[in-house]
Amino acid sequence: MSGVLLIRNAGQLLTLRGSPAPRRGDALGDLGLIRNGAILIRGDAIVAAGRADEVERLASEERDTDEIDARGRVVMPGFVDSHTHLVHGPARLLDYEMRLRGADYHQISEAGGGILASVKAVRAAAPEVLETQARQAAGNFVRHGTTTLEAKSGYGLDETAELKTLVVVAAIDGQPADVVPTYLGAHLVPAEYKNDPDAYIARMCEETMPRIRRQRLATFADVYCDRGAFTVDQAQRYLACARDLEFELKVHAEQFEHTGAARLACELGAASADHLEQADAEDAVALGCSSTIATLLPGSVFHLGLDRYAPARMLIENGAAVALATDFNPGTSPTCSMPLVLSLACVQMRMSPAEAISAATINGAHAVRRAESIGSLEPGKQADVIVLNAQDYREIPYFFGVNLVDMTIKRGVMVYRQGEVVETTAREKAADAR
Ligand code: NIG
Ligand code: FE
């Protein structure tokens, strides 16, 4: 592909352009939609995204221009998946079957499954094995239209395995999606500190976090605040250390039990409070008044077979900036599909298709503090673009479990092109030829 690329004939171009602030309230449903649009890309950046006539006039001034004909379909920014546990070792199929037989998340952990089962596997795994698995998953994200994803550690817990995880994350970054690294040492208290969680927090604060910072292996620090994990008080101590070390903050908040972690996230100016299934009206007001993004993860509610989704409408009505993410992990949400998350958000949380798309792009970009470069199609931003097999953006959540992504373009380069289904006649011909 030469230096200049024109994507023309976008039936619906979703620019998501507009204010530099996260989208809230009515603005969440504003996609900056342009009918019959085009995008001009030079190198890895967008030169123009707008009405076809204007953009094509600019393109005609360029010398060598490659073209993609979107054939009247939907063109939009790549999804920004702001919450994943990308590196996690093998699938937890025993947990899955136990759950289907009626066991709950905490019973499974007590029976030797759960997060600690993944910790055992990640500690034992060679980095190359973890990297191969994570790379495969990254490919699946890209096939589903994700061009930037956040990735947490948290299945190592000891320093060696946490660093090993974050080195794998760094190796995946940029190939083909950008990966934003998060240290989640406070995912669970490891067995060796079972009787002294405070000593574990002290160890993370005094040794592991400074080392990770020095080696630039993570920009965010996250804590899982819930029953069986960390208390609000412990989370507060951990986050205060992380903030002193200039990490940006994230919190797994109000997932199974209401703890007050969402309000803590707001008080500390965290980038996001994630989950929020048990969030109440006070939390919604607090999030509405803060810059902390409310990141909702309906995939985990679905996979756990629960029925209490985060109160998206209440959050939006109170002015919270809502984002959507997959929470890709082996225990609660084994999916790389943002389109599926959009379907769940619409049907189970009553978000409109337009709100869900903003939440999965520009607000996701805010949740990883990269909104100045990704999440919308605007001049100067990274050329992270997807073309969908859809005439109307509402088809994206409507066709649930169907991946409509036809092309994924990352920094101006096509990194995924959907394969063709081989029709019977072609199959027969191929067989005849053999
Ligand atoms: O975000 N709840 C905490 N962490 C993950 C689940 C981790 C696991 O079960 O492996 C989550 O849902
Ligand atoms: Fe998570």
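The values are calculated or read from the model by the stated rules, or taken from the named source; none is laboratory data. The structure displayed is predicted, hence computed values, not measured ones. As a convention, Cβ positions derive from the backbone with ideal geometry for all residues, glycine included, and neighbour counts pool all protein chains shown. What goes into the accessible areas is simple: the full protein's heavy atoms, side chains included, and nothing from ligands, DNA or RNA. Shrake-Rupley method; radii C 1.70, N 1.55, O 1.52, S 1.80 Å.
Right, Gly37: of a type in the set (Gly, Ala, Ser), modelled with pLDDT of 95 or more and not assigned by TED's automatic domain parsing to the domain that holds Ala312 or not? Considered against the rule, which asks whether it is of a type in the set (Gly, Ala, Ser), modelled with pLDDT of 95 or more and not assigned by TED's automatic domain parsing to the domain that holds Ala312, Gly37 comes out as yes.
Return the only residue of Gly319, Gly375 being touching a Gly at 6+ places or on another chain (Cβ under 7 Å), open to solvent by 10 Å² or more (accessible area, probe 1.4 Å), away from ligand 1 (no atom under 16 Å from the Cβ) and closer than 25 Å to Asp222 by Cα. Quick ask: steps written out before the conclusion?
On the way: Gly375 fails: open to solvent by 10 Å² or more (accessible area, probe 1.4 Å).
Exactly one residue qualifies, and that residue is Gly319.
Table: residues versus (1) surrounded by 24 or more Cβ atoms within 10 Å (Cβ to Cβ); (2) not in a loop (DSSP other than H, G, I, E, B).
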position	(1), (2)
Tyr183	yes, yes
Glu192	no, yes
Ala202	no, yes
Leu217	no, no
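Of everything in the range 301-310 that is on the phi < 0 side of the Ramachandran plot and surrounded by fewer than 24 Cβ atoms within 10 Å (Cβ to Cβ), the residue that is farthest from ligand 2 (Cβ to nearest atom) is Asp307.
Could you please let me know if Ile357 is more than 16 Å from ligand 2 (Cβ to nearest atom) and under 17 Å from the mean Cα position of the chain (by Cα)? The answer is yes for Ile357. With respect to being within 16 Å of ligand 2 (Cβ to nearest atom), of a type in the set (Val, Ile, Thr), in contact (Cβ under 8 Å) with a residue 40 or more places away in the chain and in a loop (DSSP other than H, G, I, E, B), Thr335 falls outside the description. Restricting attention to the range 168-181 and to residues that are open to solvent by 10 Å² or more (accessible area, probe 1.4 Å) and closer than 21 Å to Arg123 by Cα, the residue that is nearest to the chain's Cα centre (by Cα) turns out to be Pro181.
Results for (1) out of contact with any strand residue (DSSP E or B) (no Cβ under 8 Å at 6 or more places or on another chain); (2) within 16 Å of ligand 1 (Cβ to nearest atom), shown as yes or no for each residue.
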residue	(1), (2)
Tyr105	yes, yes
Ala111	yes, yes
Ala117	yes, yes
Ala126	yes, no
Gln136	yes, no
Arg143	no, no
Thr148	no, no
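Answer yes if at least one residue in the range 284-301 is within 16 Å of ligand 1 (Cβ to nearest atom), assigned by TED's automatic domain parsing to the domain that holds Lys152 and over 18 Å from Asp226 (Cβ atoms), and no otherwise. Full working, then the answer.
Step one: filter the range 284-301 for residues within 16 Å of ligand 1 (Cβ to nearest atom), giving 293-301.
Now drop any that are not assigned by TED's automatic domain parsing to the domain that holds Lys152, which leaves 293-301.
Keeping just the survivors that are over 18 Å from Asp226 (Cβ atoms) gives 293.
Yes - at least one qualifying residue is present in the range 284-301.
Would you confirm whether or not the range 311-330 contains a residue that is assigned to a strand (DSSP E or B) and out of contact with any strand residue (DSSP E or B) (no Cβ under 7 Å at 6 or more places or on another chain)? Don't jump to the end; show me each part of the working.
Pass one, the range 311-330, residues assigned to a strand (DSSP E or B): 322-324, 328-329.
The next check asks that each one be out of contact with any strand residue (DSSP E or B) (no Cβ under 7 Å at 6 or more places or on another chain); those that pass are 329.
Looking for residues that are assigned to a strand (DSSP E or B) and out of contact with any strand residue (DSSP E or B) (no Cβ under 7 Å at 6 or more places or on another chain), one finds at least one in the range 311-330, hence yes.
For every residue, the table says whether it meets (1) hydroxyl-bearing (Ser, Thr, Tyr); (2) under 14 Å from Lys152 (Cβ atoms); (3) more than 16 Å from ligand 1 (Cβ to nearest atom); (4) crowded, with 18+ Cβ neighbours inside 10 Å.
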{"position": "Gly228", "(1), (2), (3), (4)": "no, no, no, no"}
{"position": "Thr231", "(1), (2), (3), (4)": "yes, no, no, no"}
{"position": "Ala235", "(1), (2), (3), (4)": "no, no, no, yes"}
{"position": "Leu245", "(1), (2), (3), (4)": "no, no, yes, no"}
{"position": "Ala253", "(1), (2), (3), (4)": "no, no, no, yes"}
{"position": "Asp274", "(1), (2), (3), (4)": "no, yes, no, yes"}
{"position": "Ala279", "(1), (2), (3), (4)": "no, no, no, yes"}
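Evaluate the following for Ala91: is it hydrophobic (A, V, I, L, M, F, W, C), assigned to a loop (DSSP other than H, G, I, E, B) and open to solvent by 20 Å² or more (accessible area, probe 1.4 Å)? Judged against the criteria, Ala91 is a match. The number of residues in the range 51-88 that are open to solvent by 10 Å² or more (accessible area, probe 1.4 Å) and within 16 Å of ligand 1 (Cβ to nearest atom) comes to 1.
Screening Glu192, Glu248, Glu254, Glu207 for residues that are touching a His at 6+ places or on another chain (Cβ under 9 Å) and touching a residue at least 24 places away in the same chain (Cβ under 8 Å) leaves exactly one candidate, Glu254. Restricting the range 219-255 to residues that are part of a helix (DSSP H, G or I) and out of contact with any strand residue (DSSP E or B) (no Cβ under 8 Å at 6 or more places or on another chain), the residue that is farthest from Leu166 (Cα to Cα) is Asp233. Under the condition of being within 17 Å of the chain's Cα centre (by Cα) and in a loop (DSSP other than H, G, I, E, B), the residues counted in the range 256-310 number 6.
Out of all the residues in the range 103-117, is one or more assigned to a strand (DSSP E or B), modelled with pLDDT of 95 or more and assigned by TED's automatic domain parsing to the domain that holds Val301? No: zero hits.
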